[in-house]
1. Could you state the number of Å between the C-alpha centres of the range A:251-277 and the range A:152-207?
2. What translational diffusion coefficient, in µm²/s and rounded to a whole number, does the Stokes-Einstein relation yield for the range A:11-64 at 25 °C and a viscosity of 0.890 mPa s, taking the hydrodynamic radius as the Kirkwood radius over Cα pairs?
3. Excluding B:THR219 itself, calculate the net charge of residues whose Cβ lies under 12 Å from the Cβ of B:THR219, where each Lys or Arg counts +1 and each Asp or Glu counts -1.
4. Counting only other chains, and only Cβ atoms inside 10 Å, what mean value do you get across the residues of B:142-151?
5. Pull up the cross-link candidates among the lysines for A:LYS332, meaning alpha carbon to alpha carbon under 28 Å and not fewer than 8 places away within one chain.
6. What residues qualify as long-range amide H neighbours of A:GLU150, i.e. H under 5 Å apart, gap of 5 or more or another chain, H built at 1.01 Å from N?
7. From the phi angles alone, apply the Karplus equation (6.51, -1.76, 1.60; θ = phi - 60°) to the range A:218-224 and give each ³J(HN,Hα) in whole Hz, x where the residue is Gly or Pro.
8. Anything over 24 Å Cα to Cα? Flag those among A:LYS189/B:LYS131; A:LYS180/A:LYS247; A:LYS170/A:LYS247, in the order listed.
Amino acid sequence: MAEASDTPRRIRSGAARAVTNGLLILVTLGLLVGWASTGLYRLELGEAAIIMRLGAFDRIERREGWSWHLPEPLEFDVPVNVAEIRSVSFGLDEGNRPSMSDDGARERRGGEEGTFSRFVQTADNNIVSVSYELQYSVRNPFTFVFGMVEPDRILHDATQSSLRQVIGGKGVDDVLIFEKQKIERESKKILQEVIAEYSALILAEETPAEQPVDPEFDERSPFNIDKISLQTVHPPAQVRGAFEDVKAAQQDEDRAKSRARGDAREIIERARAEAAELEEGSQAYKQARVLESRGEAQRFSALLDEYRRAPDVTRRRLHLETMEVVLARAEKMVVDPSASSVIPIFSERGQMSRPAVSAPPRDATPGEAARASEGEKP
Amino acid sequence: MTRRVIYGIWLLLALSIASLWAGNYGLGPVIVTQEWQYNIVLRLGTPVRVIEEPGVSFRLPIVESVLMRDKRLQYLGVEPSEMIVGNETLLVDYFAVWKITDPLAFSRRYQNVNAAQRVIRARLQSRVSDKISSLPLDQILARADVLGDIAVDATEALGQTGVAVIDLRISRTDIPKQNEEATFNQMREQRLAIAREHRARGEREAREIRAKAEREARTLLAQASSQAEITRGEGDAEAAGIYAASYSADPEFFAFVRSLQAYRATIDEDTTLVLSPEHDFFDYFRSSGADR
């Protein structure tokens, strides 16, 4: 009787054991899978993951999407956004340009009780107001996450220090006008050098002394400094007027000079015109003289020809014509050379009004006649 | 039997994982030292070993405890304070970057990082003010690393305590608010002088430009004038030449004709001529010449 009841119990406990075994295996598998799934991780676009194995740095994974590492706590993943361009602003509020009026305003720095002023001193004892922005991204994710305690504050102060140093070495006119881009370049360079100096000592005991690494490409550097850009650079509001006046004065200077140049041109033009006139006048004179002389010479030659053809007659004629004209005009007295005293014989002219100049002699040429009536010298 | 084996494996696995896990947080029999940590193992309060490399190590529970110290670069910001530079007062703001180089020595001296910060700051303050007052202003403005040797000194002094000051740098210098106006006045003066210079220069150069033009004009005219004289002279000469050429064909006849012209021109109503009856003119007055 006892045997018969044993079998079913044995079968039941056997079955029960099988079920519990099965359950156990299932649960174990489930837990194993669950544990394994802690190794799953996903990288968004632009992210990289630092894989730490048992506390030590193992590798950096950059494949975007789902990946798997050894389950925790063997390996841990630390995702870092490496593609994003991060920015730190100095003197800008929320990306707006600061207005001139809050130049001297001091903002709070990063939550601390510190103050931030946009005023920076220049080499020649001037003050300028600057606001600028640092743009950077993560270069070495490992040193970025595990290298510094407060990387953002170190970066902030180092940037400020570099820029202030560059401005402090230049004169106010260079800063305001001529060398803005130079300032951006130089401060970026200094910042990179400073960061390189720090990176060399991250997690290293001694300063490595092999070859000096170009800070631009230093692999250990946590930051990839993209650029420092000056947003606003201007003289403080309090002295704006004086600076504007200098600009106005420059314009005045230019204006005075250009007006003078205009006047100068005018003066020279006038002189040229006068000179041209003088030249013209003298040329005209020369021409006139030559023509005149030619005319006269022609006339004489013609007369000479006539004379040569009939010398006596011509002489007589000319002489008589002249005498006629002359004697008609002048006061005359005919006096006998043998007379011892002068007795006017032809004296009727005495008190009478003089007649007008006599009519031209009949045989004179028009030119001669004209000359006679005008009494002009040749 | 299998069940016990499974249980056993399971338990072992679970325990290992748990202790590894806990080890990441400084608990349990396993110490997982992270990349950025130093771990000091104390046995009953006495330091027995310092773990500087990341990885897994073991400790005896209860008797051994672990002290963790930060291996990373630390930032120490100092409040801006007024310092005398030359004959001016400036607000100087600087910062330091330091790290723990010897965690054991560090822990002996300082309770934690904050405590260390206070000590380091105190040690740096007076040295920095002294250094800054000894330097000329232009050096302080143009170079942020003038405090570099203080960092070196400080590292030496603090080396015993496991601290290395890596860098000490001026983040900025400001003129205290109450002295700003003085600087602004100076700036205004400077700008005024520059503006005046510009305007003065403008006037000066304008005058010069005009004067130069006047000179040029005068030269132009003088040249033209002299050239005109020469041209006239040429005219006169040419005319004279033409006259001479023509008149010298018969100089005597020329003298005759020309004299007649002269008589016509000069003898006028005011002239009194005293003539002799012998004069040629009267030839035919005396007689008709019919019998010649």
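A short reminder: the numbers here are calculations on the coordinates, not readings from a lab. Bear in mind the structure is a predicted one, so any value in this text is a computation, not a measurement. Positions of Cβ are backbone-derived with ideal geometry, glycine not excepted, and every protein chain shown enters the neighbour counts.
1. Taking the Cα centre of each part, the range A:152-207 and the range A:251-277 sit 52 Å apart.
2. On the way: Rh = 14.5 Å.
This corresponds to a translational diffusion coefficient of 170 µm²/s.
3. Working: positive: A:ARG272, B:LYS212, B:ARG215, B:ARG218; negative: B:GLU214, B:GLU216.
Net charge in that neighbourhood comes out at +2.
4. Working: counts 9, 4, 12, 6, 1, 0, 0, 0, 0, 0.
Per residue, the number of nearby Cβ atoms from other chains is 3 on average.
5. Within the straight-line cut-off, A:LYS332 pairs with A:LYS377.
6. B:TYR75
7. 4, 5, 7, 5, x, 10, 9
8. On the way: A:LYS189/B:LYS131 26 Å; A:LYS180/A:LYS247 18 Å; A:LYS170/A:LYS247 20 Å.
From the list (A:LYS189/B:LYS131; A:LYS180/A:LYS247; A:LYS170/A:LYS247), the Cα-Cα distance tops 24 Å for A:LYS189/B:LYS131.
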